[in-house]
Every structure is written in C-alpha cells, then in structure tokens.
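First the structure, in the form of structure tokens, and then the observations on it.
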Amino acid sequence: WFSHRLLLQSTYFAWTSDRPYHFAMRVLNLGYEVPSYRRAWQVSLIGGVPSTSDTLAGFVIGSCAVEQWRWRGRLQDLTLRNDNPALNRRHPTYIDFITASALSLVDAEVWVRTPPTILAHAYSCRHKILEAAATMPADSRLVPIFCDKPLLAPACTPEIWQTEPCNDASEGVAADSRGYAHRKGIRIEIGRVVQGSFVRVSIEVTPIAMPDYDHFARHVWTVSTWEGSAELDVAQVAGYSVRDWIDVTQFIPSSLEPHATIEITVEWWTLLPLPALASLVVESPQYDGALFDLSVAASRFDWGNLPTHGNTSASSEAVTATLTSVEIVICCTLRTKTLYQFRFGAQSPPFQRMPSPTLPELNAWTLFTREPAPSQQVMHQQVVQGPRPFRTFQSATVAKHLQFTIAGVAASVLETFIR
C-alpha cells in the first residue's frame, strides 16, 4: 500500500512557503470503494533527501491527509446538438446520454450546467426515455417535463468528479444543499429511469456571447443525475460553435401543392457585412432522405437585388445546386443593415413523405454564409420553418339554397343554407 506513491523532486528551485502549487495526474478507477482506512491521500513535504537518492530518507517538513472522493458512474455516449447555434437566438439544444446507474426515486433529478456564454431557459424542457436502447429515431416526439433554475446563493464551479463542496461555495455548506457539487444550472425532475436507458432531453437556450474556444473548461457542459443528496452519474462534453445570425424576414414558396415545381423567395437582412466571393448556402430539411429536391435551383435561380456582374459562368459568381442544398457565390461585398432578396427553384415532396405536423423541427431549413475560399469558415447561420404542402380537395362547390318555412298562420321565414 505504501508503495503506491508519486514523488515530485525539485532539483532547480526551492519550494516556497505560502504559495499554492498545482499538478494533475491520471489515476486508475478500481471499480469499487476502498476500505475506510485507505480512503485518504497523504501529502508530505520531505527535506534533506539527496537528488540522486531513490529512497525517502530525510525529515518531514509538513504533512497533510486528504479524504478520498466518492466514485460516481459516468454517463455513456453524452452528445450535444443544436440546429441553430446563432448568437442571441433562442433554440432547443438536444442532450443524449445512456444512464450508467438506475434512478429509483420518483423525485430523481438531472442537472445540466451550461457554459457561462449559454443562457438556459427554465420551463422549456422536453424529454423521452427508451429502455435498453442505444439510439433513438429522429421522429421521436419529446414530451414536456418540468425543469427550473433554483436560486443558488454562491456560484458553483467545481472540478469534474469533485465530491466536496464547490471551490467558491460558502464555508460549511451542507451536502444536501444546492451549493454542493454539480448542482448548478437547470434542474430536470426526470423520475425513475432504468439502468442503461437512452435519454434525450431538449432545453431551450440562447447564446449570449461568443465562447472562448481556447479555454476548454469554459466551453463544456456538465450533466449529472441525482437521487436525494447523492450524485450517481456525471459526464462532460464540449459545447458547439456559436455563430452570428441572419435575420430572414421572408421564406415564401410560390405554391403549397405537393409534388410540384415551385419557386421559393428568400428575403433577409445583413446585420454584419459579407466580404466579396463569400458564399450563401441554403440547405433543405432531410427527413427519411431529402424532402425538397433542389437540383433544379440553379436553372431556376433569380438573383433579385444581390450584386452580380450578370455572368453566372464567371469565377466571381456562381450558383451550385445539389439534391439537398444550393450554394451562391456572391461577387461583391454585401453591405451591413441592407435588405437582400433572391429566388430559387425546388421540387416539393409528395404529401405522404412530409413529417408529422407535431414535429415541425423536422421541416426546418438552414441558411448560412461562409468566408471566401480557402477558409470556408461559417460566419452567419439561421434556421427557418419550411413550407408544408397541402393536399387539395378532389372537388369543392358552393351552393346557395332558399327554403321557406310556414308554420300555421305565421309569416313565412326565409332561411339560407350554404353547402
């Protein structure tokens, strides 16, 4: 037992008093709790040891014992997805994970701690649970679930796997209080969940600032499950990229007929300038394959008031269409605070292939801009609700009928019926 140790030797600099030191190391999880008499880490500062010695033959200057943490389970396959990660735009973020421990209490909770640049909204959560499943169909309908943001007195920013109170929590905070461990952010009352269940949770969030991608610790999401005051499973995942947004004011099809060739008019404001030779990309929704066929977009494209040299074959401007997207290379700079409009062709899908009206997120179009080549970095993004084709009646007639009703000697009453 005493041979399980790590020795740090400073051969060039002396250890200074009243100064914090920090280092990190990897440890092996044995998969079980060690006996109580071995749940402590002993840290000693030893002096008088020659630099070439392999033993600890010296004198102890200072020593301290630190209690061992409690092991928790790790949520499996934790992933994040946001289809519209645009700055200052509210949109759902989908969180998927597989539970490692069973939740047996009706008041079991899931806590989600977002990065400081992401604002999560209370009472906006939905969820779905599949037992003994490794994935979930895209058209699975999420049902509302209660979630709130409890008010915490101190800020709570613990390190991952930390079971002691938060680094900046009040002194003497109780283990069942909200300022303890990872209880920070959105609380979801998920209830009983079987071990190994696939859980999908959606939370509406708003990015309020661009994240600092150089600091990983400031760009992570922490998800943990709780029963009472005990944290069962926990995991962290890196957040998604946040972009500036496009203010699309119109996205109107020429017809709502299913399985018909239509033209879609797009009108949008530029809030930030777009450099010359940048690209504007429009992507159609994909539900069980491509819904709208955009392969005819290039042949039926109208530049509207977008700047152009009038020669789409020139290298300075081009329209490239595929089955699921149309990319427009714009020759000149787009000015800020300007309303632009263009139109492109598309083939609407058959009515039977459209997703259910209760799942509007499966019929969402994505518009984004990219920097000129070779960078091709995404600059702006916006998600808009797509058109929904409707089937027409086989026949419809409007007829006016006049009917006289005579009752006794009373005057006749004229009634009009519209069929």
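Every read-out reported here was derived from the displayed coordinates using simple, explicitly stated rules and does not represent laboratory data. None of these values were measured; they are calculated from a predicted model. A quick note on method: Cβ atoms are made from the backbone with ideal geometry, for glycine too, and the neighbour counts reach across all protein chains shown.
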> Amide H neighbours of Thr324 under 5 Å, counting only residues 5+ apart in sequence or on other chains, H built in-plane at 1.01 Å?
Replying inline: Leu294
> Cα centroids of the stretch 336-370 and the stretch 217-280: how far apart, whole angstrom?
Replying inline: 13 Å
>> Let me check I've understood the local charge: for Pro85, count other residues with C-beta under 11 angstrom from its C-beta, Lys and Arg +1, Asp and Glu -1. What total comes out?
In response: +1
> Relative contact order, percent, of the stretch 343-399 when contacts are C-alpha pairs under 8 Å separated by at least 6 residues?
Replying inline: 31 percent
